[in-house]
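Please read through the structure below; I'll follow up with questions.
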Amino acid sequence: MEKISFEGKVVIVTGAGSGLGREYALEFARRGASVVVNDLGVARDGSGSTNSAADAVVEEIKKLGGKAVANYDSVATPEGGSNIVKTAVDAFGTVDVLVNNAGFLRDKSFTKMTIEEWDAVMSVHLRGAFCVTQPALAVMREHNYGRIIVTSSTSGIFGNFGQSNYGAAKMGLVGLMNVLKLEASKFNVHINATAPTAYSRMTENLIPPELAPKLQAKFNVPMVVYLCSEECRENGSIFTMGAGWYAKTAIVCALGACLGDGSRDIPAEEVRENFDKIADLTGAKPLHDSLAIFELMGPLLK
Ligand code: NAI
């Protein structure tokens, strides 16, 4: 089996000081990449900061004989994002791969959630992806190559009690990916989303501890490594994973029911009568972009 190599490639992993990010960074380095280990070193709820999280992973990579440099900026500001990318360019000359992974939780049921809890979580996950991806894409565009990952979550894709801020941010990342898959492919930059599951400090009070050994963060790494490889052509997809299980996950559109002819008014009662057909997912499929819905709207086809 020919090995997937990152020799000569420059990889940024945000939030690489612990959990999933640390595992990604170590594996990219093992495979020859020069790695920027970004981490603000915050607590589980995003408070505080320390350089030691990023430093420890850089140290680990260097002990393995790999190449790495630390960055301690927050992903959630434009200055931080620019500086993370600048760290890669200054140390290694460019950026080939960006894994947007940094984040934290502020769980609360929706009626009790404060605007601060909402903003903090939206900021690190969604704004963070904007702040780092925009300068990274500018560099990738210059050399006509790049691979980007956004880290989504089953909490957004499918729902999870008490995580309206987090779920909204994580689904926002899917929206970002859906647009960038169109805009960035012109520069040979592919972007995909992952929805990992791992027993980490983020999930230690959400996942039953007896599942911990089978839900190790390292089991999510192979998917991210393959999606970020030069040979992988995938663009604009979501992959759900955990415990060594990997599955493409998609937003689909049903075939639906065409009740109108493009001119006749349609009473709500007709929707009621046809609701089973409208809601039937048999034959549902993902769409390439928003214009593709025109191909499903019966009256437009006549
Ligand atoms: P973790 O808490 O172990 O790691 C997150 C890292 O991000 C921490 O080292 C933290 O210091 C860093 N970070 C937080 N805010 C930052 C900021 N503003 N700038 C830079 N770094 C910052 O969590 P874990 O589990 O490894 O999660 C990694 C990613 O995977 C997150 O985006 C999370 O939402 C996502 N995820 C994790 C799941 C899981 O089952 N562990 C499930 C679904 C998604």
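The values are calculated or read from the model by the stated rules, or taken from the named source; none is laboratory data. The structure presented is a predicted model; accordingly, all values stated were derived computationally and were not measured. All Cβ positions, glycine included, derive from the backbone under ideal geometry; neighbour counts span all protein chains shown.
Tally up the residues in segment 149-184 that are part of a strand (DSSP E or B) and either touching a Phe, Trp or Tyr at 6+ places or on another chain (Cβ under 7 Å) or of a type in the set (A, V, I, L, M) (or both), please. Walk me through it before giving the result.
Within segment 149-184, the subset part of a strand (DSSP E or B) is 149-151, 163.
Now restrict to residues that are either touching a Phe, Trp or Tyr at 6+ places or on another chain (Cβ under 7 Å) or of a type in the set (A, V, I, L, M) (or both): 149-150.
Here the count works out to 2.
Is segment 121-136 home to any residue that is surrounded by fewer than 19 Cβ atoms within 10 Å (Cβ to Cβ), free of Cβ contacts under 8 Å to residues at least 12 places away in the same chain and more than 12 Å from the ligand (Cβ to nearest atom)?
For segment 121-136, residues surrounded by fewer than 19 Cβ atoms within 10 Å (Cβ to Cβ), free of Cβ contacts under 8 Å to residues at least 12 places away in the same chain and more than 12 Å from the ligand (Cβ to nearest atom): absent.
Also, I was wondering about something else. Report whether or not residue 42 is more than 22 Å from residue 224 (Cα to Cα) and β-branched (Val, Ile, Thr). Before you say what the answer is, go through the steps one by one.
Details: more than 22 Å from residue 224 (Cα to Cα): yes; β-branched (Val, Ile, Thr): yes.
Considered against the rule, which asks whether it is more than 22 Å from residue 224 (Cα to Cα) and β-branched (Val, Ile, Thr), residue 42 comes out as yes.
I would also like to ask the following. Which one of the conditions (1) surrounded by fewer than 24 Cβ atoms within 10 Å (Cβ to Cβ); (2) within 12 Å of the ligand (Cβ to nearest atom); (3) not small (Gly, Ala, Ser) does residue 3 fail to meet, given that it meets all the rest?
(2)
Could you check residue 2 against (1) in the same structural domain as residue 219 (by TED's automatic domain parsing); (2) without any contact (Cβ under 8 Å) to a residue 60 or more places away in the chain and say which number it fails?
The number of the failed condition is (1).
Could you list, in sequence order, all residues of segment 11-41 that are over 22 Å from residue 77 (Cα atoms) and assigned to a strand (DSSP E or B)?
34
Could you check, for segment 58-70, whether at least one of its residues is assigned to a loop (DSSP other than H, G, I, E, B) and either crowded, with 21+ Cβ neighbours inside 10 Å or hydroxyl-bearing (Ser, Thr, Tyr) (or both)? Even if it seems obvious, please write down each step before you answer.
First, pick out the residues of segment 58-70 that are assigned to a loop (DSSP other than H, G, I, E, B): 64-66.
If we keep only those that are either crowded, with 21+ Cβ neighbours inside 10 Å or hydroxyl-bearing (Ser, Thr, Tyr) (or both) too, we end up with none.
No, the conditions are met nowhere in segment 58-70.
With the requirement that a residue be within 16 Å of the ligand (Cβ to nearest atom) and surrounded by fewer than 24 Cβ atoms within 10 Å (Cβ to Cβ), what does segment 27-46 give you? Step through it out loud before you land on a result.
Within segment 27-46, the subset within 16 Å of the ligand (Cβ to nearest atom) is 27-28, 35-46.
Answer for segment 27-46, where residues must be within 16 Å of the ligand (Cβ to nearest atom) and surrounded by fewer than 24 Cβ atoms within 10 Å (Cβ to Cβ): 27, 41, 42, 43, 44, 45, 46.
Pairs please, first residue from segment 220-245 and in the same structural domain as residue 27 (by TED's automatic domain parsing) and over 21 Å from residue 286 (Cα atoms), second anywhere and among the hydroxyl-bearing types (Ser, Thr, Tyr) and in a loop (DSSP other than H, G, I, E, B), Cβ atoms under 6 Å, 6+ apart in sequence or on different chains.
242/197
Name the residue that is surrounded by the fewest Cβ atoms within 10 Å (Cβ to Cβ), counting only residues in segment 87-107 that are within 15 Å of the ligand (Cβ to nearest atom) and closer than 12 Å to residue 12 by Cβ. Lay out the reasoning, then the answer.
Taking segment 87-107 first, the residues within 15 Å of the ligand (Cβ to nearest atom) are 87-88, 98-107.
Among the residues that remain, those that are also closer than 12 Å to residue 12 by Cβ are: 87-88, 98-102.
On the way: 87: 20, 88: 26, 98: 31, 99: 29, 100: 31, 101: 29, 102: 28.
Restricting to residues being within 15 Å of the ligand (Cβ to nearest atom) and closer than 12 Å to residue 12 by Cβ, the top hit is 87.
Give the residue that is farthest from residue 225 (Cα to Cα), with candidates limited to residues of segment 167-200 that are among the β-branched types (Val, Ile, Thr) and more than 13 Å from the ligand (Cβ to nearest atom). So that I can check it myself, show each step before the final result.
Narrowing segment 167-200 to residues among the β-branched types (Val, Ile, Thr): 174, 179, 189, 191, 194, 197.
Next, only the ones that are more than 13 Å from the ligand (Cβ to nearest atom) stay: 179, 189, 191.
Values: 179: 22, 189: 15, 191: 13 Å.
Among those residues, the one meeting the criterion is 179.
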